[in-house]
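First up is the structure itself, then whatever we jot down about it.
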Amino acid sequence: MTEQDNIQFARQAIAAINAHNLDAYVALIDESYVGGSEMNGVVRGREDARGAMATMFQAFPDLRLEVEEMIASGDHVVIRALLTGTHKGTLAGGIAPTNKKVTWSGCNVVQIRNGKTIRSRVYADNVSILRQIGVLPMPKATTA
């Protein structure tokens, strides 16, 4: 696939996420897939990927991802995005819903081979999420 094909592929995955269409999302993932993030740990295979995304949809049922920048290089695509959602379900294995709207930045490095995602790594501003839902305190203002 060309770099432009890979960007189009990434756009399909993002459209599936924004539509909360787990079947369409998982169809783009190879069975040998390995992914990871601080929130989900290591994710292996299609069904783990389905579970990780379902957990995010449960925690943030109105989850939306807005692409800020997308860059392709060879079989890799880097997606920098702004995510928004309302914390209405359990997060990170035990953080009770707060019903607070949150916005955070994230970056996903995706490797595509033979028309499927084989590897990805999500880097997200999880501290921002935890501060917005009140799990971590906001930094105190200081004077100069």
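Each value in this text was obtained by applying a stated rule to the coordinates, not by laboratory testing. Computed from a predicted model, the values in this text were never measured in an experiment. Note: ideal-geometry Cβ built from the backbone for every residue, glycine included; neighbour counts use all protein chains shown.
For Kirkwood radius over Cα pairs in Å, which listed value, (1) 15.8; (2) 14.9; (3) 18.9, comes from the coordinates shown? The listed entry that was calculated here is (1).
Which ordering of 71, 17 is given by a fewest-first count of other beta-carbon atoms within 10 Å?
Working: 71 12, 17 20.
With the fewest neighbours first, 71, 17 line up as 71, 17.
If you look for lysine pairs in the chain that are eight or more places apart or on different chains, how many of them have Cα atoms under 25 Å apart? For the chain, the number of qualifying lysine pairs is 4.
Sort 53, 39 by Cβ crowding within 10 Å, fewest neighbours at the top. Intermediate results must be reported in sequence, preceding the final value.
On the way: 53 21, 39 17.
In increasing order of surrounding Cβ atoms, one gets 39, 53.
Applying 1/(1 + (r/R0)^6) with R0 = 35 Å to the Cβ-Cβ distance of residue 67 and residue 90, what FRET efficiency is obtained, to the nearest 0.05?
Details: r = 27 Å, r/R0 = 0.78.
Rounded to the nearest 0.05, the efficiency is 0.80.
Counting other Cβ atoms within 10 Å as a rough exposure proxy, the listed residues 9, 57 run 57, 9 from fewest neighbours to most.
Here the gap between residue 38 and residue 138, fully extended at 0.36 nm per residue and compared with their Cα-Cα distance, gives a gain of 34.0 nm.
Label zone (residue 1, point 7 Å along Cα-to-C-beta; backbone nitrogen cut-off 11 Å) within region 21-60: 28-30. Against the chain, whose longest principal axis comes from its Cα atoms, helix 45-59 is set at around 30 degrees.
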